[in-house]
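First comes the structure, then the notes that go with it.
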Amino acid sequence: MILIADGGSTKADWIALNDHKKEVFRTTSLGLNPSVLTKEEMLRTINNTEELLSIQNEVQQIHFYGAGCGSPKAAENLQQVLKSIFEKATVFVSEDTLAAVYASSGNNPSIVCILGTGSNSCYFDGKKMTTTAPSLGYTLMDEASGNYFGKQLLRDYYYKKMPKKIATAFESSFELDTDIVKMNLYRKPNANMYLASFARFMFEHKEEKYIRKMIKKGLQDFFYYRVLPFKKDIKTPIYFIGSVAYYFRDILEKVAAKNNLVITDVIQRPIDNLVEFHRNNNF
């Protein structure tokens, strides 16, 4: 049995295939970002996913693609956790950008971008990926991601830069007691996921001028730092992966056009395309 996973910081999608590459089941667990979670936290997440434990002695291969797996040490930690549970399996851990490449362009040259809880991009030449810069995560980078927009919303709310109508709606949507906010940011794990949880507010109010301006600014920053430096031929296909890109697609395409670029496709959840790639390619 083969287990394929596309793991973000917020959640991880899993699909199990039998020896004939037919789907056995699919499930979702909490996110497994090894750059922000300890081994114990990752182990607990998997052990709390009953469907995975039910096949732990049948799995022969695991292909895990995830956020935070670009760091060799972090990837090794996750690999060790998976190996400790699926003892009979050969475990491969790769960064989520590779999953995005396989799910969008397959083996063809492309620029592939991720806009979800975090953000990233790469140029794939058909064999290897290159990036504009290492990803240093939500504290310093992650332009136009869920956690990026969450920070912007919180800052504007507390600095009273948010329009009154929007601020009232924001207050009714979230617990904004400062002690609770600071507890989630500085004492509890997964601050990036907490920040990204505020992004759903933008999905619901994206027609508001204030929100659209914020989205455009974040997307332009992403293009500036994560797409334009590649300086590839304008005909190079550009793909975007993730919920932020999916729900803000109309704005994304307009910002791309202002940069003389065209988005080839936007994929919300790449897991199905990723599995199809594995069906058609031997690993």
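The values are calculated or read from the model by the stated rules, or taken from the named source; none is laboratory data. Note that the structure is predicted; figures quoted are calculated from it, not measured. Glycine also receives a Cβ, built like all others from the backbone with ideal geometry; neighbour counts cover every protein chain displayed.
Report every pair of residues separated by at least 6 positions or lying on different chains whose Cβ atoms are under 6 Å apart, first residue within the stretch 130-144 and under 20 Å from A245 (Cα atoms) and free of Cβ contacts under 8 Å to residues at least 12 places away in the same chain, second β-branched (V, I, T) and outside any loop (DSSP other than H, G, I, E, B).
Every condition considered, no pair remains.
Under 9 Å by Cβ, and 6 or more places apart or on different chains, what pairs join a residue from the stretch 182-203 that is outside any helix (DSSP H, G or I) with one that is of a type in the set (A, V, I, L, M)?
Close Cβ pairs (under 9 Å, with a partner that is of a type in the set (A, V, I, L, M)) amount to P189/V36; P189/L37; N190/L30; N190/V36; N190/L37; F198/L153; F198/L154.
Among the residues of the stretch 226-253 satisfying the criterion of being within 22 Å of the chain's Cα centre (by Cα), without any contact (Cβ under 8 Å) to a residue 60 or more places away in the chain and surrounded by fewer than 19 Cβ atoms within 10 Å (Cβ to Cβ), which is nearest to N147 (Cα to Cα)?
Y246
Do we have any residue at all in the stretch 123-146 that's in contact with a Ser or Thr (Cβ under 6 Å, 6 or more places away or on another chain), assigned to a helix (DSSP H, G or I) and not hydrophobic (A, V, I, L, M, F, W, C)?
yes
Could you say which residue among I263, I234 is on the phi < 0 side of the Ramachandran plot, in a loop (DSSP other than H, G, I, E, B), among the aliphatic types (A, V, I, L, M) and modelled with pLDDT under 90?
Numbers: I263 fails: modelled with pLDDT under 90.
That would be I234, the only listed residue that is on the phi < 0 side of the Ramachandran plot, in a loop (DSSP other than H, G, I, E, B), among the aliphatic types (A, V, I, L, M) and modelled with pLDDT under 90.
Can you find a residue in the stretch 47-63 that is farther than 20 Å from L17 by Cβ and at pLDDT 90 or above?
First pass over the stretch 47-63, keeping only residues farther than 20 Å from L17 by Cβ: 47-48.
This time we only want the ones that are at pLDDT 90 or above, so: 47-48.
Yes, the conditions are met somewhere in the stretch 47-63.
Inspect the stretch 205-225 for any residue being touching a residue at least 24 places away in the same chain (Cβ under 8 Å), touching a strand residue (DSSP E or B) at 6+ places or on another chain (Cβ under 9 Å) and at positive phi and give the result as yes or no.
For the stretch 205-225, residues touching a residue at least 24 places away in the same chain (Cβ under 8 Å), touching a strand residue (DSSP E or B) at 6+ places or on another chain (Cβ under 9 Å) and at positive phi: absent.
Sort out which residues of the stretch 70-86 are at pLDDT 90 or above and in a loop (DSSP other than H, G, I, E, B), and write them in order of number.
F86
Looking at N108, N33, N18 in this structure, which one is touching a Gly at 6+ places or on another chain (Cβ under 8 Å) and surrounded by fewer than 21 Cβ atoms within 10 Å (Cβ to Cβ)?
Numbers: N33 fails: surrounded by fewer than 21 Cβ atoms within 10 Å (Cβ to Cβ); N18 fails: touching a Gly at 6+ places or on another chain (Cβ under 8 Å).
Answer to the check: N108.
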